[in-house]
Amino acid sequence: MDEKHSKTAYAVYFVLFMVTLLSAATAKDLAGSWIASQPEMKMTFHENGTFILATDRENRAGNYELVKNKLVMVDTHGRSFSYTIHNMARGRLTLVDAKGQQIVCERTDVIRRKKKPNGVLAEMGEHRLLENHVDIGLLVMQFVSGHRLQPREKDDFTRASIHEFGKAPKKFLEQVAALKTSMQNVARQKNPLDVGASRQQLLSGFYTATRHLPERDQPLMVAIVNRYVKMLAYDEQESLMLTDQDVNALLDYMEFIDQLSSGSVRPLPTEKRRKFAESLVHNFAHLDTEQKRFLCAASVVWPVVDYNWQQFSRDQRRDIQSHYRNYQSGNKSSSISDAVPASMAGYIQLYRNMTALASSGHGEIMTSMLAHGGTGSYWKARGKN
């Protein structure tokens, strides 16, 4: 395996591992207490195959058996009844009774708000799940999504981690350790293009590991990332995913290029921006590999450029503009702000500018920014140096 793919291969294996845990329910998965509000009832299942069912009308106890997706229960009086398990994930059990009524149950014993000493969230024999184990998964999601997670999302992921840990603690911790190694490799990368490539490998790993799963069965890590990142196109051969974040970042970068060229800020009108974005998605398959890689790293590359620009003085900005104009002097093309997006000439200008940026333009801009004391580090630009 070459260096490019080995850097984040562990993370892809981790996602695949999470998917394999979404197999048919077992007694171990079901063990614990569940509560439903409509109809009001509480069910407790034990791994030895016994149950206790309490409703507002009666209490029942007996034995249960899982037959594929059927939960078959026989009480101490010999009365049998069954439910179809529609879904069980993330601390929620959805059953369907004989009349077709759906019953949604929530776990009452998955997570304890009162944490154990030293950040221990759960224990299974000699194995311990710690807060910093969960933090690794949170870091991956924040890196790939480009967003800080909400407290509710962090709580949901903690609950899911405790549940998955309980299924296979040793293997779960091994996969978390592999994921940590993967993220340490990414953290050592300074060049935004390299960081963007690593993000792409993670996105591609998430996508290929879960694309055939129904939405309700997606691992929580993938489900949370998908809330923030929308896939617009995918290159199977190069394993490159074009996202809405990348398209928006590239157009922001294009506006900045126009600012360097003209000396004035001219944001693209909303409709023109929309048409350019649609064109990038529609023609993604026809771009060359260099263009695709640059476009798919734009959401990582552009924040570094923007961060530097915001730090520079007026004189430094003037010098950088002068440097870029000298580089661009042989290019007689017009600004995309002046181009008509619905016209062939407008689209040609968009792709010509993107090609120039991907091949050498970005390098020229960063060289000038570094010469004026800027940073080339994605992590510093994101405040994580």
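The values are calculated or read from the model by the stated rules, or taken from the named source; none is laboratory data. What you see is a predicted model, and the numbers here were worked out from it, not measured in a lab. Cβ atoms come from the backbone with ideal geometry, glycine included; neighbour counts cover every protein chain shown.
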Any residue at all in segment 61-76 that's in contact with a strand residue (DSSP E or B) (Cβ under 9 Å, 6 or more places away or on another chain), under 17 Å from Gln38 (Cα atoms) and either at pLDDT 90 or above or assigned to a loop (DSSP other than H, G, I, E, B) (or both)? no
Look through segment 53-100, keep the residues that are out of contact with any Asp or Glu (no Cβ under 7 Å at 6 or more places or on another chain), of a type in the set (Val, Ile, Thr) and surrounded by 13 or more Cβ atoms within 10 Å (Cβ to Cβ), and return whichever of them is farthest from Glu215 (Cα to Cα). Val74
Cβ-Cβ below 7 Å, separation at least six or inter-chain, first residue in segment 314-336 and closer than 20 Å to Tyr253 by Cβ and in a helix (DSSP H, G or I), second polar (S, T, N, Q) and modelled with pLDDT under 85: which pairs? Arg325/Ser261; Gln328/Ser261
If a residue must be out of contact with any strand residue (DSSP E or B) (no Cβ under 7 Å at 6 or more places or on another chain), of a type outside the set (S, T, N, Q) and touching a residue at least 60 places away in the same chain (Cβ under 8 Å), how many such residues does segment 289-305 contain? 9
I'm trying to understand the selection: among the residues of segment 146-195, which are free of Cβ contacts under 8 Å to residues at least 40 places away in the same chain and among the basic types (Lys, Arg)? Arg148, Arg152, Lys154, Arg188
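For segment 23-47: of the residues being of a type in the set (Ser, Thr, Tyr) and modelled with pLDDT of 75 or more, which is surrounded by the most Cβ atoms within 10 Å (Cβ to Cβ)?
Initial filter on segment 23-47 (of a type in the set (Ser, Thr, Tyr)): 23, 26, 33, 37, 44.
Filter once more, so that each one left must be modelled with pLDDT of 75 or more: 33, 37, 44.
On the way: Ser33: 15, Ser37: 10, Thr44: 17.
Per the criteria, the residue is Thr44.
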Got a sec? Which of Thr210, Thr181 is over 13 Å from the mean Cα position of the chain (by Cα) and of a type in the set (Ser, Thr, Tyr)? Thr181
For Thr20: the one exception among (1) under 18 Å from Glu164 (Cβ atoms); (2) at pLDDT 90 or above: (2)
Examine segment 317-324 for a residue that is in contact with a Ser or Thr (Cβ under 9 Å, 6 or more places away or on another chain), under 30 Å from Ala187 (Cβ atoms) and either at pLDDT 90 or above or exposed (fewer than 13 other Cβ atoms within 10 Å of the Cβ) (or both), and state whether such a residue exists. yes
For Lys171, state whether it is surrounded by fewer than 17 Cβ atoms within 10 Å (Cβ to Cβ), among the charged types (D, E, K, R) and under 18 Å from His362 (Cβ atoms). no
Looking across segment 277-306 at residues that are among the charged types (D, E, K, R) and assigned to a helix (DSSP H, G or I), the single one that is surrounded by the most Cβ atoms within 10 Å (Cβ to Cβ) is Lys292
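From the list Val195, Val222, pick out the single residue that is aliphatic (A, V, I, L, M) and closer than 24 Å to Asp29 by Cα.
Numbers: Val195 fails: closer than 24 Å to Asp29 by Cα.
Of Val195, Val222, the one residue that is aliphatic (A, V, I, L, M) and closer than 24 Å to Asp29 by Cα is Val222.
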